[in-house]
Structures are given as structure tokens and as C-alpha cells.
Protein chains: 2
Amino acid sequence: MTQTGTRTATRIIGIDPGSQKTGFGIIDVEGSRCRYVTSGVIRLPATALPTRLEMIFRNLQTVIREYSPAEAVVEEVFMAKSAGSALKLGQARGAVVVACVSEGVAVSEYSARQIKKAVVGTGAADKHQIQHMIRVLLNLPAAPQEDAADALAAAVCHAHARLRPVVAQL
Amino acid sequence: MTQTGTRTATRIIGIDPGSQKTGFGIIDVEGSRCRYVTSGVIRLPATALPTRLEMIFRNLQTVIREYSPAEAVVEEVFMAKSAGSALKLGQARGAVVVACVSEGVAVSEYSARQIKKAVVGTGAADKHQIQHMIRVLLNLPAAPQEDAADALAAAVCHAHARLRPVVAQL
């Protein structure tokens with residue numbers, strides 16, 4: 001929690017895992033308002049997978065220690081093109097989740113459909129629509145790189161979901 | 001490296017990742033001789049996957065800190081029954097690899113076929129044959145639990161492979 005005047009903002013990190021590129025995006029949330037903090041992409045060299053998993057873990061650990069998010073969000077993956085790509089993606093996702101929980105940051109999960117619906121309004125949005133809407137929603141001068149945009153979208157989805165129980169009581 | 005008289009033994013941890021049970025087995029290797037140190041199974045409750053990944057990571061970290069293996073071996077997985085099971089297995093494997101590399105232990109990978117061939121003599125061995133041969137090779141009073149036996153088999157495979165470059169030069 002970050003003190004902002006009399007109200008408190010919650011810092012959320014969204015992460016988009018991949019065995020070649022892992023995107024991350026951090027926002028501060030206060031009520032229904034989301035403020036951009038930072039985002040980036042961890043680009044992984046074509047080395048052995050254990051080395052790449054270590055790079056994901058260490059780089060995310062550094063980001064988490066620097067920005068101290070209170071909560072983390074990772075896209076839930078149900079499907080993959082093949083069992084082979086699922087194994088690679090799964091391992092990257094495992095490294096991402098462990099980087100968060102080992103730093104004491106709880107991980108929430110949402111499906112790609114839920115994230116797209118929260119940001120673009122439809123579960124069938126493409127990458128460009130997400131980049132565009134993230135730029136608009138977070139008032140950015142330019143669209144973020146696509147993996148960073150997906151990570152920010154996951155964080156925004158979680159920010160909206162945190163409000164939902166209150167709305168449902170009306 | 002552990003001093004044993006005038007020669008040095010190398011301690012190897014083998015790990016068999018799984019999202020329900022993760023086996024581990026530690027041996028000391030001196031030349032072609034393998035000595036059993038310990039083995040066990042991390043049984044995971046039916047909770048959310050991030051919690052299970054955290055348990056794999058923290059339990060393995062504890063084992064690694066207690067026994068200080070110099071090298072780690074994890075079975076390489078190419079195939080899975082489905083993309084869904086590959087994703088779960090992949091995430092468990094990611095948590096395992098990160099637990100090793102974050103403690104400074106390098107990870108080697110062998111296929112299931114290589115491990116079976118090293119321990120049983122054929123790449124098509126079943127779980128019971130592996131448990132039996134691990135009991136014989138490591139001179140144990142009883143066969144280890146099957147996931148622990150698979151983990152010990154991975155460690156034994158690596159112990160043999162470390163000798164092979166010398167044999168190949170003859």
C-alpha cells in the first residue's frame with residue numbers, strides 16, 4: 001500500500017510469461033483509478049531453458065524488490081498450440097509465479113478472455129486493440145510494447161475485479 | 001564437493017517434478033561409485049497452483065540448503081498426454097529449475113529414455129524396474145517410493161554421463 005494523500009493506493013504488477021519474452025507492467029490503483037508506474041520486457045537469449053528460467057526469476061525479483069507491488073496478476077493459460085509449446089510456456093509461468101511468491105507477493109490469475117473483456121470490452125480482442133486501449137486507459141504518450149501491454153492489461157483487469165464485489169452488492 | 005579420504009565426492013540431486021508429487025533423491029558420486037544420501041517426495045495439496053508452486057520451491061530450497069548438492073538433474077520432458085497436463089507439468093518443472101539455479105546449483109537435463117537406459121539398460125523400462133534397479137545399484141534395504149526412485153535414477157544417469165567423455169576417448 002502506498003500513501004497518496006488521505007487515501008491509499010494499491011500497487012499491482014501484471015506479468016505476461018513467455019520463454020522468449022516476458023512482459024511486466026506495474027500500476028497504482030486507487031478506487032477505480034489506475035495510474036501507470038512502469039513496464040518493460042525481459043528478452044531472453046536463445047540459451048538452454050534453465051538459464052532462461054533463471055533470467056526470468058532474477059529479473060522479476062529485481063523489479064519486485066525495486067517497486068514493491070502488493071499483488072501480482074498472471075494470465076491463466078488453459079490452451080496452447082501444442083504440448084511442446086505448453087511445456088515451454090508452463091516452465092516460464094512457473095518461474096514467474098515463484099519469483100512473485102518467493103518475494104511474498106500473492107498471485108491472482110485471470111483467463112485471457114477475462115483480461116481482454118476488462119480492457120477492450122470483448123473477449124476476442126487482438127494485440128493491437130489491447131495496446132491501444134492500455135495507452136488510452138493509462139494516459140500514455142505511446143502504446144507500450146505488446147508483451148508489456150498484455151502485462152498492464154492483466155493488472156488493469158485485476159484492478160477492476162477488486163471493485164466488482166462492491167458493485168455486485170448494489 | 002565433499003572430501004572423502006584423499007578423493008573427492010560430488011553430490012548430485014535428482015528431481016522428478018510433478019504438480020501433485022515432486023520426488024527428489026541425493027547421491028554422492030566418486031568415480032563410478034554412487035552412494036545414497038537421502039530421498040523423499042514433496043506431496044502437494046489440492047490447492048491453487050501458485051500455492052503448490054511455492055511449496056515445491058520452498059521445500060526444494062530447504063533440501064538444497066541442508067544437503068548442499070553441487071549439481072542438479074531434472075528429467076527433460078518432450079511429450080505430455082495433453083497441452084493441459086503439459087502446462088501443469090511445465091509449471092512444476094519451472095519451479096524446480098528456479099529452486100536449483102536460485103541456490104547456485106547448475107541444472108543438467110536428460111530425456112526419460114536416457115535415464116531409463118542408464119539405470120535399467122533399456123529405454124522402455126517401467127516404474128517397478130526403475131525402483132528395483134535403484135534399490136540394487138544404491139544398495140538400499142527397500143525400494144524407494146516411485147517418484148523418489150525416478151529422481152535417484154536421474155542422479156545416477158548424470159553420474160554415469162559425467163564419466164562417459166573419458167570412456168569415449170579410449
Is it the case that B:Ser39 is more than 21 Å from B:Glu146 (Cα to Cα) and of a type in the set (S, T, N, Q)?
-> no
Tally time: how many residues in the range A:89-109 are of a type in the set (Gly, Ala, Ser) and at the interface with chain B (Cβ under 7 Å from one of its Cβ atoms)?
-> 5
Can you find a residue in the range B:37-50 that is assigned to a helix (DSSP H, G or I) and in contact with a helix residue (DSSP H, G or I) (Cβ under 8 Å, 6 or more places away or on another chain)?
-> yes
Residue list for the range B:42-62, restricted to those being surrounded by fewer than 19 Cβ atoms within 10 Å (Cβ to Cβ) and among the hydrophobic types (A, V, I, L, M, F, W, C) | B:Ala46, B:Ala48, B:Met55
For A:Ala86, are the conditions met, namely being closer than 16 Å to A:Arg35 by Cα and within 12 Å of chain B (Cβ to nearest Cβ)?
-> no
Assess whether A:Val63 counts as being more than 7 Å from chain B (Cβ to nearest Cβ) and touching a helix residue (DSSP H, G or I) at 6+ places or on another chain (Cβ under 7 Å).
-> no
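Computed from the coordinates by the stated procedures, all read-outs in this text should not be read as laboratory data. Computed from a predicted structure; not experimentally measured. Every residue, glycine as well, gets a Cβ built from its backbone with ideal geometry; the counts of neighbours run over all protein chains shown.
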